[in-house]
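Notes follow once the structure below has been shown.
The values are calculated or read from the model by the stated rules, or taken from the named source; none is laboratory data. Please read all numbers here as calculations on a predicted model, not as lab measurements. Here the Cβ positions follow ideal geometry from the backbone for every residue, glycine too, while neighbour counts run over all protein chains shown. Note: accessible area is taken over every heavy atom of the protein model, side chains too, but ligands, DNA and RNA are not part of it. Shrake-Rupley method; radii C 1.70, N 1.55, O 1.52, S 1.80 Å.
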Amino acid sequence: MPTTLTAEVERVTFENEETSFRVIRVGAVEGLSPAPARLSIVGTFQPVGPGTRVRVTGELVVDQRHGQQFKADSLVPIEPNTLLGLEKYLASGLVKGIGPALAKRIVGHFGLETLKVLDDDPSRLGEVSGIGQRRVGDVKRAWSEQRAVANIMVLLQSHGASPALAARIFRRYGDRAASVVQKNPYRLAMDVPGIGFRTADRLARGLGISGDHPERAQAGVIHELGQLADSGHTHATRDELLARAEELLNIEPAHIDAAIDALFAAERVVVEEDRVSLARLFAAEQTVANNVARLLRTPARRLGGLEAALQQFESKNRVRLAAEQRRAIRAAAEHKVVVVTGGPGVGKTTIVQAIVAAMESHSLSVRLAAPPGRAAKRMREARERTATTIHRLLEVDGKTGRFKRDAEHPLEGDAVIIDEASMVDLPLAESLLAAVPDEARLVVVGDVDQLPSVGPGAFLRDVIDSGAVITVRLTEIFRQASESRIVVNAHRILSGEAPQSADADDPRADFFVIPRRDAEEARDVVCQLVVERIPRRFGLNPIDEIQVLTPMHRGPVGTIALNALLQQRLNPQEVGFESRGQRICLGDKVMQVRNDYDREVYNGDLGRVTELDQEKKRIRVRFDGRDVEYDDTELHALTLAYATSIHKSQGSEYPAIVIPLLTSHFVMLSRNLLYTAVTRPKKLCVLVADPRALKLCLSEARREDRNTRLARRIADCVDAERPAVTAGS
């Protein structure tokens, strides 16, 4: 049961303005038996200063390092009721412009009426000796701001908002927070990160807003379109949207129809034929299509002497280019926009190297980039030249997330080559293509059969499906690659055929299938493989060189359960920081789960915890030889990574992977999913699979797809720019 106590703040030990996490030391504690003389209160709450009486609800806990603490769920300031308390309260630093001397004079003049004067008639501060009109104005503004924060926090918490949520709302709206929440709480779901429709709806219902209120219906429609966007779709049919929103809101369809029309009138959604899109995604598709047409409109300068350049490349690199590879290179030399696609072992890396060599032989400046993180690193290693993330190429502003390179300030260079393009989502494609100058070539390289991007859209697939861009699909597997069962099985999976397990006695074996139907048995096999069997036979480090990839987060073989089990077996530690329902300890393998442009660590980057300081509440994580520091309020950006989702593995390579695949993963199983997973390892792939789940994966009917209209828009834009054919021409 929660406990409520009252106490007086003696000092503020720690506070983080960004997160509103604070540690305060209090005395004169009432409500605990026995009552401690001093107590630390920790939690997320509004600023409070020394001298403030507070009412706190929470629980008494014992921290391993800091001893007894009171963990606050809510904290409400109580106004001081003594002259000394008033002086300490005003002098605490909460009200800018009032120090100890001025606080003493103000309380000395107004006595116990001080706070009432500040609230009702702050101009009376001019009565206090030594305070001029300018100082009166400064104190009046500071007091008003401080009172606004406190009042808003109390209001929000009274309607069900946690202290952390209330703090985020206040940071977004400032002193308008109370007005926004009371007039339209559904704005929170659109404006405040981390607040979804359901949270805003709970606040709204607490405020008495009816279930069929127009703003609730509109927020529900936006929420469902956002959910679809999170699943990769850029639009929904009107009937599908009506059905989803009706289930969410439990109101009559007529209210939802009216909400869609109102959102269309407000230009927040676009209704096109029978499809409804978020306005931002509709605009993004149209912008990408317009920019593809723009690039195609400007003719490319043909590169002469291509054969001589290719012969020189072959001689220098001791390779023999196949006919398919030459066709791809020639297409890049002759056309303005080209797509090169193909699976593992077909020579995409060699083709990019040859394209760069051919272009540089004509003194063209080439820019190489890939989506954030490990994809760019892989490209840099494979090409042995400067390559970067698309975000860095576009010169992202670390604080705003906006790009400095755009249509007004385009990229410099004669050609832009984008690798791992299956990972490029629609918003990133929008920004990228806008920044490519008219005269530049664009070469897009990727495996269209992999899972599409985590974000909305299917950029690579749609550019190919538009039929407007020259596309070369590579299918020939080279001899050296064909000796790898990983490569052969990847192509078998792509064709709907079951992968073949290697002979266990073959010293060159690199692909094994271990049948298991029971979830607990599969989990135990995965653990044995990572901890014992693979390290013993192949000499691989179980933490740094073996990666578990699984379709889902929950369940016996989901990332959550497997991370807990593998952490216990590979890095058992007692001391660590709690975050996202898990403990992060020294030596743990972790993954960054959001892009951090300031620190240049990106969603999907893997690292190891190299330092953990509980006293200073911070850790260091080493990513590819570079240390990045986090304090305890920033740990939400990290998660344990002994096991990760297959979706998170896109663009990455690992020496060895282990993949559990069960029928409990039914909702996620697809051919693209399995194909993406088995193309991640360089040396070894082990599949622990229920044969029934494997069959589901290989079924064409299970192929992952996305509802987009980019292909059609590109085709329409390019067709519109083609000169009309007149009679007699």
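When 252, 240, 247, 267 are checked against the criterion of being acidic (Asp, Glu) and either at positive phi or surrounded by 18 or more Cβ atoms within 10 Å (Cβ to Cβ) (or both), 267 stands alone in meeting it.
Among the residues of the range 61-77, those that are over 21 Å from residue 119 (Cα atoms) and part of a strand (DSSP E or B) comprise 61, 62, 63, 67, 68, 69, 70, 71, 72, 73, 74, 75.
Do we have residue 106 as surrounded by 20 or more Cβ atoms within 10 Å (Cβ to Cβ), β-branched (Val, Ile, Thr) and under 30 Å from residue 583 (Cβ atoms) here? So residue 106 does not fit the description; no.
Out of 374, 318, 385, 380, which single residue is of a type in the set (D, E, K, R) and modelled with pLDDT of 85 or more?
Numbers: 374 fails: modelled with pLDDT of 85 or more; 385 fails: modelled with pLDDT of 85 or more; 380 fails: modelled with pLDDT of 85 or more.
None of the other options fit; the residue is 318.
Only one entry of 428, 433, 451 meets the criterion of being outside any helix (DSSP H, G or I) and touching a helix residue (DSSP H, G or I) at 6+ places or on another chain (Cβ under 7 Å), and that entry is 451. Among the candidates 76, 54, single out the residue that is among the aliphatic types (A, V, I, L, M), under 17 Å from residue 3 (Cβ atoms) and touching a Leu at 6+ places or on another chain (Cβ under 6 Å). Within the list 76, 54, the selection yields 54. With respect to being in a strand (DSSP E or B), open to solvent by less than 30 Å² (accessible area, probe 1.4 Å) and among the small types (Gly, Ala, Ser), residue 677 falls outside the description.
Of the candidates 80, 50, the single residue that is open to solvent by less than 50 Å² (accessible area, probe 1.4 Å), under 28 Å from residue 631 (Cα atoms) and in a loop (DSSP other than H, G, I, E, B) is 50. Among the residues of the range 25-34, is any assigned to a strand (DSSP E or B) and under 37 Å from the mean Cα position of the chain (by Cα)? Yes, there is a match, as at least one residue in the range 25-34 is assigned to a strand (DSSP E or B) and under 37 Å from the mean Cα position of the chain (by Cα). Just one residue in the set 367, 327, 320 is free of Cβ contacts under 8 Å to residues at least 40 places away in the same chain and within 30 Å of residue 676 (Cα to Cα); that residue is 320. When residue 41 is tested against (1) part of a helix (DSSP H, G or I); (2) open to solvent by less than 50 Å² (accessible area, probe 1.4 Å), just one condition goes unmet, and that condition is (1). A single entry from 57, 19 fulfils the requirement of being open to solvent by 30 Å² or more (accessible area, probe 1.4 Å) and modelled with pLDDT of 85 or more: 57. At least 3 residues being under 23 Å from residue 715 (Cα atoms) is the threshold, and among the helices (runs of 4 or more DSSP H) wholly inside the range 277-365 those reaching it are 279-297, 323-334. Checking each residue of the range 451-461 against the condition of being open to solvent by less than 20 Å² (accessible area, probe 1.4 Å), modelled with pLDDT under 90, out of contact with any strand residue (DSSP E or B) (no Cβ under 9 Å at 6 or more places or on another chain) and of a type in the set (A, V, I, L, M, F, W, C) gives at least one match. Scanning the range 83-136 for residues that are of a type in the set (Val, Ile, Thr) and either assigned to a loop (DSSP other than H, G, I, E, B) or within 18 Å of residue 8 (Cα to Cα) (or both) returns 95, 98, 128, 131. Comparison of 406, 510, 462 shows that the only residue that is under 20 Å from residue 661 (Cβ atoms) and not polar (S, T, N, Q) is 510. Just one of the numbered conditions (1) free of Cβ contacts under 8 Å to residues at least 60 places away in the same chain; (2) among the β-branched types (Val, Ile, Thr); (3) closer than 21 Å to residue 682 by Cβ is not true of residue 560; which one? Among (1) free of Cβ contacts under 8 Å to residues at least 60 places away in the same chain; (2) among the β-branched types (Val, Ile, Thr); (3) closer than 21 Å to residue 682 by Cβ, the lone unmet condition for residue 560 is (3).
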